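Asks: My questions will all concern the structure given below.
Every number here is computed from the coordinates shown, using simple stated rules; none is lab data. From a predicted model like this one, the values you see are computed outputs, not experimental measurements. Every residue, glycine among them, receives a Cβ derived from its backbone with ideal geometry; neighbour counts consider all protein chains shown.
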Amino acid sequence: MGKYFGTDGFRGEANVGLTVEHAFKIGRYLGWYYSQAKDGKKCRVVIGKDTRRSSYMFEYALAAGLTASGADAYLLHVTTTPSVSYVARTDDFDCGIMISASHNPYYDNGIKLINSAGEKMDEGTIEKVEAYLDGEAGEVPLATREALGKTIDYAAGRNRYIGYLISLATRSYKGVRVGLDCANGSSWMIAKSVFDALGAKTYVVANEPDGLNINRDCGSTHIENLQKLVREEKLDVGFAFDGDADRCLCVDENGDEVNGDHIIYIYGCYLKERGKLVGNKVVTTIMSNFGLYKALDEAGIEYEKTKVGDKYVYENMSANGYRLGGEQSGHIIFRKYATTGDGILTAIKMMEVMLEKKKKLSELAEPMKMYPQVLKNVRVTDKKAAQDDAEVRAAVEAAAKALGDDGRILVRESGTEPVVRVMVEATDKATCEKYVDSVVDVIVARGYAE
């Protein structure tokens, strides 16, 4: 991770950690950088944004920077992150930019950079952008006269993406009662359009964005609203998205949550049954629930474990040709169809399994039992020293031995804070608490806690 850009873009409070000047300079550099290889042709950059009030400010700043450097900026307007990825790779753009802070509150925002293949921007290019932001790369020239860029309304690209999603459904949704929680974000129009076109009877909540209510008590981080809707309206299934709709969590017909680990299990089994699970493997992160691994073992499915972050999941999938991977948070990658997590695509894939197998979502998820989990964050003076300490390591090893095959312990450092995270999964919460505390107590006793 760089100074500004983490695993999911440059994120911060609007005009505090991430300012309009940052956005303008990012546009300036990218417009110039990609223009160098165009041999006189215009650099083309596609931009999407979510519903935050500050997204408009950042959109205009990015477009101003790009056009000042001679690039043409194509505006998708309010749309999803995966739609920007789709348009970038299918319409021959030099790169894509999504303005969103995902599931964060409205006052935060972010800038996500996407390459021409629809993937997250490579580290080398991001390092060059950061060097320019810090004034270490010198100034880039301003375009003049006919070399100036222009902005172009490109809502048609978003509409093509909607058509693509509709084309992926294998059956009509006629007669299926579906709940959608759009988080007052990017999916507020797109999700309903897709499900209506496929014939579903849709019930939608959190689809009235006002610039300040994105993710507020709604969406995949507050799934209780969708659970209430499903129960009260007696729906067949519900899907909750986050602010930029690259995540999806599900609610079964009983109103119970079906998370990203369940989704990986359900679709992994579905692919395996059809002989389409490449390498007989799915890709997870180290934070996936222990219950997922137990269920995959029972199903005869192997798995990879990556660092936390969909970026690392995709890199593993791409390198090995795997078709399915993701995170418990609902960021699921179906690599045959997309190069990033896509919440609406995930919902379509869950509908596919339900309709093809003629089973309720609760039946599909039932074999996977979530293990209780306890996670405690310890603010420390030195993350590396705390983890490398011999007595801390001994406490972790003792906990792992005691848990045996019925649980696990994971100790890792935060990538953004002076924090060590201690997580235990076991058959009951009391056991989790016991072994988390056994390690936290040693960290404190050894003097690492702030």
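Asks: Counting residues in the stretch 69-162 as N, plug N into 2.2 N^0.38 Å and put the Cα Rg over that result.
Replies: Here the Cα radius of gyration is 1.19 times the empirical estimate.
Asks: Among 414, 329, 318, whose mean-square fluctuation peaks in a Gaussian network model of the chain (Cα, cutoff 10 Å)?
Replies: Looking only at 414, 329, 318, the largest GNM fluctuation is found for 414.
Asks: Evaluate the distance, in nm, between pseudo-label points positioned 7 Å from the Cα of residue 145 and of residue 381 along their respective Cα→Cβ axes.
Replies: Here the answer is 6.5 nm between the modelled labels.
Asks: Rg/Rh for the stretch 168-365: what does it come to with C-alpha atoms and Rh from Kirkwood?
Replies: 0.95
Asks: Still on this structure: Pairwise over distinct Cα atoms, reciprocal of the mean inverse distance: report the Kirkwood radius of the stretch 5-156 in Å, one decimal place.
Replies: Computed over the stretch 5-156, the radius equals 15.0 Å.
Asks: Next up: Can you give the three extents of the C-alpha atoms in the stretch 275-317 along their principal axes, from longest to shortest, in whole Å?
Replies: Principal-axis extents of the Cα atoms in the stretch 275-317, largest first: 26, 23, 9 Å.
Asks: If you take the beta carbon distance between residue 212 and residue 234 as r and set R0 to 35 Å, what does 1/(1 + (r/R0)^6) give as a FRET efficiency, to the nearest 0.05?
Replies: Once the sixth-power term is evaluated, E becomes 0.60.
Asks: Let me ask another. Using the 10 angstrom Cβ neighbour count as an exposure proxy, how do 58, 24, 5 rank, fewest first?
Replies: Least to most surrounded, the residues fall as 24, 5, 58.
Asks: Between 355, 180, 226, find the one with the highest GNM mean-square fluctuation for the chain; connect C-alpha pairs within less than 10 Å.
Replies: Of 355, 180, 226, the most mobile in the Gaussian network model is 355.
Asks: Could you compute Rg(Cα) / (2.2 N^0.38 Å) for the stretch 42-86, with N its residue count?
Replies: Here the Cα radius of gyration is 1.12 times the empirical estimate.
Asks: Can you give the local net charge around residue 244? Use residues other than it whose beta-carbon is closer than 11 angstrom to its beta-carbon, Lys and Arg +1, Asp and Glu -1.
Replies: -1
Asks: Related question: Counting alpha carbon pairs within less than 8 Å and at least 6 residues apart, what relative contact order, in whole percent, applies to the chain?
Replies: 12
Asks: Could I ask something else about it? Starting from the coordinates of the alpha-carbon atoms of the chain, obtain the Kirkwood hydrodynamic radius over all distinct pairs and give the value in Å to one decimal.
Replies: The Cα-based Kirkwood calculation yields 23.0 Å.
Asks: Roughly what % of DSSP beta bridges within the stretch 1-104 run antiparallel, to the nearest 5?
Replies: The antiparallel proportion sits near 15 percent.
Asks: Please compute the length gained on full extension between residue 428 and residue 153, using 0.36 nm multiplied by the number of residues separating them and subtracting their Cα-Cα distance.
Replies: Between residue 428 and residue 153, full extension yields 93.6 nm more.
Asks: From zero outward in steps of 5 Å, how is the percent of C-alpha pairs of the stretch 373-445 spread across the bins?
Replies: The distribution over the stretch 373-445 is 3, 19, 31, 25, 15, 7, 1, given as percents.
Asks: Quick check on my link table: of 305/336; 228/272; 281/429; 192/228; 311/401; 294/434, which ones sit more than 25 Å apart, alpha carbon to alpha carbon?
Replies: 228/272; 281/429; 311/401
Asks: Find out how many positive minus negative residues lie around residue 81, taking Lys and Arg as positive, Asp and Glu as negative, among other residues whose Cβ is under 9 Å from that of residue 81.
Replies: With Lys, Arg at +1 and Asp, Glu at -1, the neighbours total -3.
Asks: Full-extension gain between residue 307 and residue 280, please, as 0.36 nm times their residue separation minus the C-alpha to C-alpha distance.
Replies: Length gained between residue 307 and residue 280: 7.7 nm.
Asks: Sort 354, 287 by Cβ crowding within 10 Å, fewest neighbours at the top.
Replies: Least to most surrounded, the residues fall as 287, 354.
Asks: Average the reciprocal distances over every distinct pair of alpha-carbons in the stretch 202-266, invert the result, and give the Kirkwood radius in Å.
Replies: 12.1
Asks: Could you give me the percent of Cα pairs per 10 Å distance bin for the stretch 1-83, shortest bin first, beginning at zero and ending with the bin that holds the maximum distance?
Replies: 18, 47, 32, 3
Asks: While we're looking at this one, here's another question. With a point put 7 Å past each Cα toward its Cβ, work out how far residue 37 is from residue 171 in nm, to one decimal.
Replies: Label-label distance for residue 37 and residue 171, simple model: 4.5 nm.
Asks: Let me ask something else about it. If you project the alpha carbons of the stretch 154-271 onto their three principal axes, what span does each projection cover, largest first, in Å?
Replies: Cα spread of the stretch 154-271 along its principal axes, largest to smallest: 40, 35, 26 Å.
Asks: Under a 10 Å cutoff between Cα atoms, tell me which one of 102, 288, 172 has the largest fluctuation in the Gaussian network model of the chain.
Replies: Looking only at 102, 288, 172, the biggest GNM fluctuation is shown by 172.
Asks: Can you list the equivalent-ellipsoid semi-axes of the stretch 123-223, largest first and in whole Å, using the square root of 5 times each Cα gyration tensor eigenvalue?
Replies: 39, 20, 14
Asks: Also, quick follow-up: For the stretch 134-188, restrict the atom set to alpha-carbon positions and state the Rg and Dmax in Å.
Replies: Both quantities, over Cα of the stretch 134-188: 21.3, 61 Å.
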